[in-house]
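Worksheet: one structure, shown below.
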Amino acid sequence: MKTISEIVKDSSRKYYFYLGDAETGERFQQQCVREGFAFGDGVPATVRKCARVMNVSGDKTINFVGVCGMMAFGASKEVCGKELVKIDFRKVLNDEENILYSRAVQ
């Protein structure tokens, strides 16, 4: 399985992780803690409940995606001048080769 750190290593891109359900969210949080990721204010990933889509940065921070971010997730290829990469964390967990989110398979 690819690590979150490996996935988000290119800082010229924005990474949104699609979690989809509570179980996947919990596994995402656990993986974040194992790799040293935390919320921007330093709170560990397991303290707050994850949303369906989370932003992850190469500086080891995770953040909630607001309304505009959710709109971008649904319709855009760019956020704040950076390429938006949409990762399906269930595919990461299943060790699939293509881990990009695809609405067609949801």
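The values are calculated or read from the model by the stated rules, or taken from the named source; none is laboratory data. Note that the structure is predicted; figures quoted are calculated from it, not measured. Neighbour counts are summed over all protein chains in view; Cβ atoms, including those assigned to glycine, are modelled from backbone coordinates with ideal geometry. Calculation scope for accessible area: heavy atoms of the full protein, side chains included, ligands and nucleic acids excluded. Shrake-Rupley method; radii C 1.70, N 1.55, O 1.52, S 1.80 Å.
Rounded to the nearest whole Å³, what is the per residue volume of the convex hull around the Cα atoms of the chain?
Per residue, the Cα convex hull of the chain comes to 99 Å³.
Build a GNM of the chain with springs between Cα atoms under 10 Å: which of Val92, Val79, Val67 gets the top mean-square fluctuation?
Val67
What lysines sit close enough to Lys77 to cross-link, taking a C-alpha to C-alpha distance under 21 Å and skipping anything fewer than 8 places away on the same chain?
Lys9, Lys14, Lys86, Lys91
Apply the Karplus curve 6.51 cos²θ - 1.76 cosθ + 1.60, θ = phi - 60°, to the phi angles in segment 47-62 and return the couplings in whole Hz, x for Gly and Pro.
Couplings: 7, 10, 6, 6, 8, 5, 10, 10, 8, 10, 10, x, 7, 6, 10, 10 Hz.
By the scheme Lys and Arg +1, Asp and Glu -1, what is the net charge of all other residues having a beta-carbon under 13 Å from that of Ser11?
My count for the surroundings of Ser11 gives +2.
Highest mean first, what order results for 53-60, 20-27 on Cβ atoms within 10 Å?
Ranked by mean Cβ neighbours within 10 Å, highest first: 53-60, 20-27.
Once you keep just the Cα pairs under 8 angstrom separated by 6 or more residues, what percentage relative contact order results for the chain?
Reported as a whole number, the value is 33 percent.
Give the cross-link partners of Lys2 among the aspartates and glutamates, using a straight C-alpha distance below 14 Å as the criterion and excluding same-chain residues fewer than 8 apart.
Excluding near neighbours in sequence, the set is Glu35, Asp88, Asp95, Glu96, Glu97.
So what is the 222 nm mean residue ellipticity for the chain from helices alone, if each DSSP H run of at least 4 adds -39500 (n - 2.57) and you divide by all residues, rounding to the nearest 500 deg cm²/dmol?
Estimated from H runs of four or more residues: -8000 deg cm²/dmol.
Find how many whole Å separate the alpha carbon centroid of segment 63-106 from the alpha carbon centroid of segment 9-24.
So the two Cα centres are separated by 6 Å.
Of the residues Lys14, Lys86, Lys77, which exhibits the maximal mean-square fluctuation in a Gaussian network model of the chain defined by a 10 Å Cα contact cut-off?
For the chain, modelled as a Gaussian network with Cα springs under 10 Å, the answer is Lys77.
Can you give me the accessible area per residue for segment 60-106, using a 1.4 Å probe, in Å²?
63 Å²
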